[in-house]
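Here the structure is laid out as structure tokens; the discussion comes afterwards.
The values are calculated or read from the model by the stated rules, or taken from the named source; none is laboratory data. It should be emphasised that the depicted structure is a prediction, and the values quoted were computed from it without experimental measurement. Please note: Cβ atoms are built from the backbone with ideal geometry, for glycine as well, and neighbour counts cover all protein chains shown. Just so you know, the surface numbers come from the protein's heavy atoms only, side chains and all, with ligands and any DNA or RNA stripped out. Shrake-Rupley method; radii C 1.70, N 1.55, O 1.52, S 1.80 Å.
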Amino acid sequence: MAAIGGNTAGPGDAVLNVYINHDKKFAFVEMRSVEEASNAMALDGIMFEGAPVKVRRPTDYNPSLAAALGPSQPNPNLNLGAVGLTPGSAGGLEGPDRIFVGGLPYYFTEAQVRELLESFGPLRGFDLVKDRETGNSKGYAFCVYQDLNVTDIACAALNGIKMGDKTLTVRRANQGTSQPRPEQETILLHAQQQVQMQKLVLQVGGALPTKVVCLTQVVSADELRDDEEYEDILEDMREEGRKYGNLVKAVIPRPDPSGAAVPGVGKVFLEYADIDGSTKAKVGMHGRKFGGNQVVAVFYPENKFADGDYDD
């Protein structure tokens, strides 16, 4: 708390009492002020003795009553980097204005989801829920806006919008569904227009999937010159590609012995029978290391692949 600047009630220790249940591996921590207790919520996910610690409110926590006593959110100016935490991640995600965002396409990155949500204003907290083992998106997220007045506007504007083959479900996480007030209708209309524009940007930016995944930073031209080495690499990529779905074809363009330029040399193309397979492959292989290189995986136009056009 001292390191992040969370002791805001004055000199001394913010913690008054601690009760630890060693058998069940949990503890109750009593803070000296409401504000400092809210600041402590920002420490969710902090590493302690090699393990991440969950910091939550007690089960009988009443957000409405708490809001009347003092700040129910952590101070946005806390120095979370001092303890290895990322500002604005899970720490600000408590209270009645937390929003649930479901139905997200699995291939959407954190940056793309944030970009969509921030059409309405800056976020106080954001968390794209991921599978612990694979690190892949589970298709839903939570967020809290800095300006709580846009909470219902964002929910109304985003809920039901189609993204790829998915339909978004966006609502207050505590099910407290309230409609925008009449004076908010103009803002809502503007917000919906912003979302449609943002959706178009995401589509144009290549977010929508195809059945073909293009990998770069995997192989070098020199590795592809030798026939035997080429066949080994091709078989390795086929084997790796099959882990994610029904692989139809793997293509690795080779350099021309004459030295003539060949489009696509240094890339690997994986064609799948369906988008589910290609999406899993893109998510699973992007950022992985092959031969010391960090792979970049993107979707590739099916028509260009079918025509044998492997240029950018």
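A few notes on this one:
- Distance in nm between pseudo-label sites at Ala68 and Asn17 (7 Å out along the Cβ direction from Cα): 2.4
- Available extension along the chain between Asn136 and Asn77 is 18.3 nm, counting 0.36 nm per residue and deducting the alpha carbon span.
- Cα→Cβ-extended label distance, 7 Å offset, between Asp274 and Lys249, nm: 2.1
- Of the trypsin sites (Lys or Arg not before Pro) in segment 126-166, the ones in a loop by DSSP (not H, G, I, E or B) with at most 10 other beta carbons within 10 Å are Arg132.
- Diagonalising the gyration tensor over the Cα atoms of segment 2-83 and scaling each eigenvalue by 5 before taking the square root yields semi-axes of 20, 17, 13 Å, largest first.
- Anchor Lys138: aspartates and glutamates whose Cα lies under 16 Å away (excluding residues fewer than 8 positions away in-chain): Glu110, Asp127, Asp165, Asp276
- Candidate lysines - alpha carbon under 24 Å from Lys249, same-chain residues fewer than 8 apart omitted: Lys211, Lys267, Lys280, Lys282, Lys289, Lys304
- Computed about its Cα centre, the charge dipole of segment 2-83 is approximately 180 debye, with only Lys, Arg, Asp and Glu carrying charge at their Cβ.
- Carbon/sulfur fraction of accessible area - segment 2-83, other protein chains in place, 1.4 Å, %: 57
- Projected onto its three principal axes, the C-alpha set of segment 1-139 covers 46, 35, 31 Å, listed from the longest axis down.
- Annotation note: GluC sites (Glu not before Pro) in segment 31-77 located in DSSP loop regions with a Cβ neighbour count of at most 16 within 10 Å are Glu49.
- For segment 1-68 versus segment 99-126, the gap between their alpha-carbon centres in whole angstrom: 27
- Amide hydrogen proximity for Val248: with H placed 1.01 Å from N in the peptide plane, the residues at 5 or more positions away or on another chain lying under 5 Å are Glu271, Tyr272, Ala273.
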